[in-house]
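To start, the structure itself, in structure tokens.
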Amino acid sequence: MTDFRPQNSTPQLIDQLGRTVDYIRLSITDRCDFRCVYCMAEDMMFLPRDEVLSLEECARLVKVFVGLGVNKVRITGGEPLVRKNAMWLFEEIGRLQGLKELVLTTNGSQLVQQAVALKNAGVNRINISIDSLKAERFKKITRTGDLNKVLAGLQASIDAGFAGIKINSVLMRGSNDDEAADLVQFAIDKKIDISFIEEMPLGEVDHARVSTFVSNADTLKLLHNQYSLLPSTHNSGGPARYWQVADTSTKIGFISPHSHNFCESCNRVRITCKGELFLCLGQDNKADLMPLLREYPNDDAPLIAAILDSMRVKPKGHDFDLRRARPAVVRFMSHTGG
């Protein structure tokens, strides 16, 4: 394999609007042991194995992107930890020179068994999806999830000593929107952070998102009534805007694709488990990298050229509109990577 290394430290992924791309989100599987209502259909059809990137191909892709100036990599799914031998990939990525952050987004179901190994592999931070602290409600949202198992995984991660642990929560009106303050207090008690993510119009779902949508502006207003919140300059490298809960170590992030468009500072791209390089979560602009990986197994030059060329079509931003009869993108969140 070509050992591509830039001759200087200047990032080379600059899009048509002058934005530097230094963060990739890589999905290593479309499979998951949960079926969250905003992410997947209840009866999913998963990809055949030969249509999914091998772990070796995933490692090669990450190495190329790091060579092009990317310094943050988030591994996603599906549920990445259900991928057989996934720990090998974390270990390979964790030793790359030039990588500042290796981050995992997970549903937490496998963390009791794998938290320590992930820490040893070089994972810096973990985001765990928890949308409810009520076991029955949690099961309804995830369709198959066990809250106690996830909470045990969260505690295992805390005990393993990760530099950063954060809960991700999607609030849905009439489902769990009454738990915002409870989720924040849980994060405070655990001395971890939390982000609220507005539900995104992706994929076919069995409910009208306009009726379930909860604005982060409303959530912030509610929390202001219960906590002393201080504006924070903290930047996790993604789209979240943070507030510090006074007299605690907890920060509250808000990822608001509807109520606050964050596209002007977008620094990231997503790679699906099929090797599709999506330049925007809410658009269909993409480059297919799998054919290049397989046609040129020992030459990274065509792959690098395709990645550099893709920067020319990275769109200005997404175009989410809850009033549409159909989603902005008919592509499940689990397909693109959570």
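Quick one: is I24 touching a residue at least 60 places away in the same chain (Cβ under 8 Å) and not in a loop (DSSP other than H, G, I, E, B)?
Details: touching a residue at least 60 places away in the same chain (Cβ under 8 Å): yes; not in a loop (DSSP other than H, G, I, E, B): yes.
Judged against the criteria, I24 is a match.
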(request) Tell me which of these P239 doesn't satisfy, since it passes every other one: (1) assigned to a loop (DSSP other than H, G, I, E, B); (2) touching a residue at least 40 places away in the same chain (Cβ under 8 Å); (3) under 30 Å from G174 (Cβ atoms); (4) not acidic (D, E). (result) (2)
(request) Scan (1) surrounded by fewer than 16 Cβ atoms within 10 Å (Cβ to Cβ); (2) at positive phi; (3) at pLDDT 95 or above; (4) not hydrophobic (A, V, I, L, M, F, W, C) for the single condition G122 breaks and write down its number. (result) (1)
(request) Only one of these is modelled with pLDDT under 95, outside any loop (DSSP other than H, G, I, E, B) and small (G, A, S): A181, A217, A187. Name it. (result) A217
(message) Step by step: first the residues of the stretch 280-309, then only those that are within 16 Å of the chain's Cα centre (by Cα) and touching a residue at least 60 places away in the same chain (Cβ under 8 Å), then the one that is surrounded by the fewest Cβ atoms within 10 Å (Cβ to Cβ). Which residue is that?
(response) G282
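Check G69, G98 and return the single one that is of a type outside the set (D, E, K, R), more than 20 Å from the chain's Cα centre (by Cα), at positive phi and assigned to a loop (DSSP other than H, G, I, E, B). I'd like the intermediate steps shown before the answer.
Values: G69 fails: more than 20 Å from the chain's Cα centre (by Cα).
G98 is the lone residue from the list that is of a type outside the set (D, E, K, R), more than 20 Å from the chain's Cα centre (by Cα), at positive phi and assigned to a loop (DSSP other than H, G, I, E, B).
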(message) Given the condition surrounded by fewer than 19 Cβ atoms within 10 Å (Cβ to Cβ) and in a helix (DSSP H, G or I), answer yes or no: does some residue in the stretch 103-114 qualify?
(response) yes
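The values are calculated or read from the model by the stated rules, or taken from the named source; none is laboratory data. Because the structure is a prediction, the values reported are computed rather than measured. All Cβ positions, glycine included, derive from the backbone under ideal geometry; neighbour counts span all protein chains shown.
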